[in-house]
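Undergrad: Can you keep this structure in mind? I'll have questions shortly.
The values are calculated or read from the model by the stated rules, or taken from the named source; none is laboratory data. For clarity, every value in this text was computed on a predicted model and none was experimentally measured. Every residue, glycine as well, gets a Cβ built from its backbone with ideal geometry; the counts of neighbours run over all protein chains shown.
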Amino acid sequence: MIKVLKFGGTSVGSESALRNLAAIVKNEPSQKALVVSAMSGVTNALLALTRDATASNDRFYGELLQRHVLAAKPFMASNQLDDLEMKLKLRIFGLRQTVDRYLSDHADREALQDAIYSWGERLSSLMVASILKARGLDAVAMTSEEAGIAAVGSPGNGAANLDLCEKNFLGNVLPLIEVGRIPVLTGYYGADASGRPLTFGRGGSDYSGSVVAYALDAKTLEIWTDVDGFMTADPRIVPTARTIHEMNYGEAAELAYFGAKVLHPRTIEPARKRKIVVMVRNTFHPEGESTKIHELRTPGNELLRSVAVKSDLSILKVYSSEIVYNPSLVTKLLESVSGDGVTTYAISTSLSTLAIALPSGATQRICDKISKMEMGLIEKVKIKDKVSLICTVGDDLINRMGAAAMIFDAAMEAKANIEMISEGASDVALNFVVPSEQANDVVMRIHERFIASREG
Ligand code: ASP
Ligand code: MG
């Protein structure tokens, strides 16, 4: 029975974190593979590198090397450290070549940028494997290319081809695990059909963990991060928020998408397909609370498991007498949003209007684009800023009689006008949009009424 352990940026980001990581891996008796993120801050630095071409200087690469060498130093003898340093230097040379190509070559910019972003994981995986080796474990660093994480899609928004990954892993990764070795794989990206790196979007290493668990037909995926699992609400808004001990895949997927930044939203898909149990655990508090995501058979008796809020949204309202009569118009409108790579958080339609909740930063751009299309068909476009989406999640929520009435009653208590509603699409979520000014109050009241008073 194979276990996949994924360690996030902060979990590989410091000496103390790496100490805990090594202990966690050592104490795990199962056959296993690791998936790692870049050290915290490294992906951001790579992003900055492509924004500011002049940042590409010796100092930058020197610091990148030092960060990894210094973190590994306390764990190993000097000859082992020299060996790691040499491997890191070679990788950094590869990064440098990619950056130089990016700076001189004006074609393929997005693909080259994405390739640059993938470099942090290529460094951290080497470092983690060396540390584990120094601790007497038979670890082996592997890139996504070497393992065969096949990806499709566009730069920054890749997704794995799960069947192909599984096939590749049978030849490249499984045989190592079967003889007791521990592959340490790069998270965050895969390789497309022509071998080019394609990242899964920010925070994508969680998804990589799930893809690897699928490809190895693992029993469990442990996501090691810096919080005690999923919480019933954001503790900065609701001080009485607590860890959710168990939830089903659907609930976790909704929460990851709409609020809690605990997991990359796509993480659940591959795990759910194979019913792989996903544990979210805290590297800095390994004996503490955690969340178990699996196929729960007995629905909880509480109405809601969690309430999240997504702020900095706007509502874009498109008026056209053709909305109901001309279905292709709705398709075109939505395409103009998705074509821009913008996430839609809620949609609702009426006879003559279409309302879409979008990230505020993108709304004006989409509004301008829509105003120009289908001349004559669109009567006007309006924007309402400063709104937040409240996402309430509960097992089988859709079949709970009166749930909406009770939840909206709590919103009314907070004197929040409900601007948009999305219900019925998901079995486990009821989402609605309120003015941002009242959003925290709504969250607190919902938490108080339906969650705080129940057993976890
Ligand atoms: N290193 C990537 C990021 O910072 C991927 C990840 O950490 O999951 O977004
Ligand atoms: Mg993360």
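Undergrad: Of all the helices (runs of 4 or more DSSP H) wholly in region 143-226, which have at least 1 residues that are of a type in the set (D, E, K, R) and either within 16 Å of ligand 1 (Cβ to nearest atom) or under 18 Å from the mean Cα position of the chain (by Cα) (or both)?
TA: Per the criteria, 205-215.
Undergrad: Go through (1) out of contact with any Phe, Trp or Tyr (no Cβ under 8 Å at 6 or more places or on another chain); (2) touching a residue at least 12 places away in the same chain (Cβ under 8 Å) one by one and return the number of the condition Ser11 breaks.
TA: So Ser11 meets the others, but not (1).
Undergrad: When you go through (1) of a type in the set (D, E, K, R); (2) within 16 Å of ligand 2 (Cβ to nearest atom); (3) over 30 Å from Thr267 (Cα atoms) one by one for Glu121, which number turns out not to apply?
TA: So the condition that Glu121 fails would be (3).
Undergrad: Additional query: Consider region 99-142. How many of its residues are more than 20 Å from the chain's Cα centre (by Cα), among the β-branched types (Val, Ile, Thr) and assigned to a helix (DSSP H, G or I)?
TA: 3
Undergrad: Still on this structure, I have one more. From the residues in region 240-256 that are out of contact with any Lys or Arg (no Cβ under 7 Å at 6 or more places or on another chain) and either within 14 Å of ligand 2 (Cβ to nearest atom) or not in a helix (DSSP H, G or I) (or both), which one is farthest from Arg202 (Cα to Cα)?
TA: Looking at residues that are out of contact with any Lys or Arg (no Cβ under 7 Å at 6 or more places or on another chain) and either within 14 Å of ligand 2 (Cβ to nearest atom) or not in a helix (DSSP H, G or I) (or both), I get Thr240.
Undergrad: If I filter region 191-233 down to residues being away from ligand 2 (no atom under 16 Å from the Cβ) and out of contact with any helix residue (DSSP H, G or I) (no Cβ under 7 Å at 6 or more places or on another chain), which single residue comes out as nearest to Phe258 (Cα to Cα)?
TA: Step by step, filter region 191-233, then rank; the result is Thr220.
Undergrad: Ok, one more. Six or more apart or on different chains, Cβ under 7 Å: which pairs go from a residue in region 389-406 that's free of Cβ contacts under 8 Å to residues at least 40 places away in the same chain to one that's part of a loop (DSSP other than H, G, I, E, B)? Could you list them?
TA: What qualifies is Ile398/Gly424; Ile398/Asp427.
Undergrad: Something else now. Can you confirm whether Pro29 is assigned to a loop (DSSP other than H, G, I, E, B) and at negative phi?
TA: Yes.
Undergrad: Among the residues of region 34-58, which ones are in contact (Cβ under 8 Å) with a residue 24 or more places away in the chain and either over 20 Å from the mean Cα position of the chain (by Cα) or within 12 Å of ligand 2 (Cβ to nearest atom) (or both)?
TA: Val35, Val36, Ser37, Ala38, Ser40, Thr43, Leu49, Thr50, Ala53, Ser56
Undergrad: Does Ile356 satisfy the condition of being touching a residue at least 24 places away in the same chain (Cβ under 8 Å) and outside any loop (DSSP other than H, G, I, E, B)?
TA: Answer is yes for this residue.
Undergrad: Take the conditions closer than 29 Å to Val278 by Cβ and assigned to a helix (DSSP H, G or I) and apply them to Thr50. Does it pass?
TA: So Thr50 fails the test.
Undergrad: Sticking with this one: Just one of Glu289, Glu295 is charged (D, E, K, R), within 20 Å of Val307 (Cα to Cα), out of contact with any helix residue (DSSP H, G or I) (no Cβ under 6 Å at 6 or more places or on another chain) and not in a strand (DSSP E or B); which is it?
TA: Only one candidate qualifies: Glu289.
Quick grid of which residues meet (1) under 16 Å from the mean Cα position of the chain (by Cα); (2) more than 16 Å from ligand 1 (Cβ to nearest atom):
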| position | (1), (2) |
| --- | --- |
| Ala253 | yes, yes |
| Ile268 | yes, no |
| Val278 | yes, no |
| Ser290 | no, yes |
| Leu316 | no, yes |
| Ser320 | no, yes |
| Val330 | no, yes |
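Undergrad: Something else: Taking the condition modelled with pLDDT of 90 or more and small (Gly, Ala, Ser), does Ala452 pass?
TA: Spelling it out, it is not the case that Ala452 is modelled with pLDDT of 90 or more and small (Gly, Ala, Ser).
Undergrad: Kindly indicate whether Asn248 is surrounded by fewer than 18 Cβ atoms within 10 Å (Cβ to Cβ), more than 16 Å from ligand 1 (Cβ to nearest atom) and under 30 Å from Ala403 (Cα atoms).
TA: So Asn248 fails the test.
Undergrad: Identify, from the list Leu18, Leu5, Leu81, Leu65, the residue that is under 30 Å from Leu174 (Cα atoms), touching a Leu at 6+ places or on another chain (Cβ under 8 Å) and either touching a residue at least 60 places away in the same chain (Cβ under 8 Å) or part of a helix (DSSP H, G or I) (or both).
TA: Selected residue: Leu5, the only one of Leu18, Leu5, Leu81, Leu65 that is under 30 Å from Leu174 (Cα atoms), touching a Leu at 6+ places or on another chain (Cβ under 8 Å) and either touching a residue at least 60 places away in the same chain (Cβ under 8 Å) or part of a helix (DSSP H, G or I) (or both).
Undergrad: Also, quick follow-up: Which is surrounded by 13 or more Cβ atoms within 10 Å (Cβ to Cβ), within 16 Å of ligand 1 (Cβ to nearest atom) and more than 18 Å from Gly203 (Cβ to Cβ), of Leu65, Leu49?
TA: Sole residue among the options that is surrounded by 13 or more Cβ atoms within 10 Å (Cβ to Cβ), within 16 Å of ligand 1 (Cβ to nearest atom) and more than 18 Å from Gly203 (Cβ to Cβ): Leu49.
Undergrad: May I ask you to list the residues in region 378-410 that are surrounded by fewer than 22 Cβ atoms within 10 Å (Cβ to Cβ), within 16 Å of Ser311 (Cα to Cα) and of a type in the set (A, V, I, L, M, F, W, C)?
TA: Ile383
Undergrad: A further question on this structure: Considering only residues that are at pLDDT 95 or above and in a loop (DSSP other than H, G, I, E, B), look in region 260-284 and name the one that is nearest to ligand 2 (Cβ to nearest atom).
TA: Within region 260-284, the match that is nearest to ligand 2 (Cβ to nearest atom) is Thr283.
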